[in-house]
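Notes for the one structure printed next.
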Amino acid sequence: MPKKPASEMAPDQRWKLQVFYLCFYGFMTQIRPGESFITPYLLGADKNFTKAEVTNEITPVLSYSYMAVLVPIFLLTDYLRYKPVLVLQSLSHISIWLLLVLGTSILAMQLMEFFYGITMAARIAYSSYIFSLVAPSRYQRMASYSRSAVLLGVFTSSVLGQLCVTLGGIRFLTLNYVSLGFVSFGLILTLFLERPRRSLFFNRPGGSGDATVPTELDRIAGGDAGGGTRGWRDMVLCRMLWELGALAKQPQLRLWSLWWVFNSAGYYLMLYYAHILWNEISPTTDNRRVYNGGVDAASTLLGAVTSFAAGYVKIRWTLWSELVIGVVTAFQAGLLLLMNSTTNIWLCYAAYILFRGSHQFLVPIAIFQIATSLSKELCALVFGVNTFFATVLKTVITVIVADKRGLGLSVHPQFYVYFGYFMLLAVVYLLAAIRVGVQHSHRRQPVELALAKELCQPSVESPAQEKSPEAGNVQA
């Protein structure tokens, strides 16, 4: 076989190098060993905030910040072609740890939560960056690589933090300085990322030289061809939102989108306040007996395993989706009740790990069920809309339940509210499962009767066929 010229090999090697660097970047930016210990750090001697201040004044700002910046960052990510938003995320990470190290007031910690909301909203830039580097045929595999790099980084960070605290006896303040060093290194890595020339919505490749198959945006924008670039930008997203209204009539897409909205809101509320609950159950002053990092590492590992296992579940989802969601949600409600009622911290840790693992089990199933009938562009928009509504719902619950301007509940009453929330969702899902089962059985009955008649028909005609030779000839 003749050897390929260097000009032909270079593009192929280039995108592989870019993907490798992006995965390395995703891994390194997750190395923040102090992250699992922020809550005990705020409640401990270093900052000495009260549980009421952390629960009702500081933590709620995270939900408000995330909701405020989610839509602008979603649009800016695509318009600015990813890299500027990743730089913003790195700068926000640095701001978080500077405020944790230097800040002493409630206002400083609220500002820290504000920057934390920006980093969460900016995750979309990393997860969608990969699509600008590779061909559509490689999307699924490359997306799994980038997600695996992030999960491995989170796991490594949690284990590293726990080892530093338990075995090294390192103070939380020192751990935060270490985290500040890692996120500063992450900013340097971000500066070496290549800025893509194209993006999903606002920066489409054009010209006659583009031999790619027309996408959903190209099809929708076809009617605005005479309107130029301005008409395309002004009208396409509106038309795609209009199409989403029609797509909402699909039962599976509607069901899993509702699961994404309602269950994700409850999941993240539990995540935000679980560390405060642990401190309430086991208020130790010995840092080496705080195992937040180990629990986060175990839950991340279990979440990765259950996500992987979900890809091998082969059932009729049109029939069993409601039942599976209902059973998992009822299981999560029981875990929340166990977390809130037990006085054994290890039992609370185990319930937390199982709760996160069960949620991560359904995430890839939801992604597949939503994305299976959608184009890449509509899929991105559906998940964006679902995440926005989940964030709005989470913020409303936070205002009512956690914020001091609302009910201002302490952490234990809050978890009873979350238990009731998941229990209500479980009842609704299980009732929907019963309705689907009844409808399915009613549809099967006419089919079974028709099959029974067909099976019985030859035995009725057989005497006549025996008496008539012509009938036998025709039958033959």
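Scanning the stretch 274-306 for residues that are assigned to a helix (DSSP H, G or I) and among the aromatic types (Phe, Trp, Tyr) yields one hit, Trp278. Pairing each residue of the stretch 314-326 that is in the same structural domain as Val428 (by the TED database) with any residue that is among the aliphatic types (A, V, I, L, M) and modelled with pLDDT under 95, provided the two are 6+ apart or on different chains, yields C-beta distances under 6 Å for Ser321/Leu255; Glu322/Ala432; Glu322/Ala433; Glu322/Val436; Leu323/Ala433; Gly326/Ala433.
Among residues of the stretch 262-276 that are buried (at least 20 other Cβ atoms within 10 Å of the Cβ), none has a Cβ under 8 angstrom from a residue that is among the acidic types (Asp, Glu) at a sequence gap of 6+ or on a separate chain. Residue pairs whose Cβ atoms lie under 8 Å apart, separated by 6 or more positions or on different chains, with the first residue in the stretch 77-98 and at pLDDT 95 or above and the second among the basic types (Lys, Arg) and assigned to a helix (DSSP H, G or I), are Gln89/Arg123. When the stretch 307-319 is filtered for residues that are out of contact with any helix residue (DSSP H, G or I) (no Cβ under 8 Å at 6 or more places or on another chain) and in a helix (DSSP H, G or I), only Phe308 remains.
To keep it simple, each residue is scored yes or no on (1) under 14 Å from Tyr267 (Cα atoms); (2) open to solvent by less than 40 Å² (accessible area, probe 1.4 Å).
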position	(1), (2)
Leu338	no, no
Thr343	no, no
Leu354	yes, no
Ser358	yes, yes
Leu362	yes, yes
Asn386	no, yes
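With respect to (1) surrounded by 19 or more Cβ atoms within 10 Å (Cβ to Cβ); (2) part of a helix (DSSP H, G or I), the lone exception for Arg81 is condition (2).
Exactly one of (1) among the aliphatic types (A, V, I, L, M); (2) surrounded by fewer than 19 Cβ atoms within 10 Å (Cβ to Cβ); (3) more than 23 Å from Glu53 (Cβ to Cβ); (4) touching a Phe, Trp or Tyr at 6+ places or on another chain (Cβ under 9 Å) is unmet by Val399. Its number? Among (1) among the aliphatic types (A, V, I, L, M); (2) surrounded by fewer than 19 Cβ atoms within 10 Å (Cβ to Cβ); (3) more than 23 Å from Glu53 (Cβ to Cβ); (4) touching a Phe, Trp or Tyr at 6+ places or on another chain (Cβ under 9 Å), the lone unmet condition for Val399 is (3). Once the stretch 326-343 is narrowed to residues that are of a type in the set (S, T, N, Q) and in a helix (DSSP H, G or I), the residue that is farthest from the chain's Cα centre (by Cα) is Ser341.
Please go through the stretch 84-110 and pick out each residue that is crowded, with 19+ Cβ neighbours inside 10 Å and not hydroxyl-bearing (Ser, Thr, Tyr). Talk me through it step by step, then tell me what you get.
Of the residues in the stretch 84-110, the ones crowded, with 19+ Cβ neighbours inside 10 Å are 85-86, 88-90, 92-93, 96-97, 99-100, 109-110.
Result: Val85, Leu86, Leu88, Gln89, His93, Ile96, Trp97, Leu99, Leu100, Met109, Gln110.
Residues in the stretch 26-58 that are surrounded by fewer than 24 Cβ atoms within 10 Å (Cβ to Cβ), β-branched (Val, Ile, Thr) and not in a helix (DSSP H, G or I): Ile31, Thr50.
The values are calculated or read from the model by the stated rules, or taken from the named source; none is laboratory data. These figures come from a predicted structure and were not determined experimentally. Every residue, glycine as well, gets a Cβ built from its backbone with ideal geometry; the counts of neighbours run over all protein chains shown. In case anyone asks, the SASA skips ligands and DNA or RNA and just uses the protein heavy atoms, side chains included. Shrake-Rupley method; radii C 1.70, N 1.55, O 1.52, S 1.80 Å.
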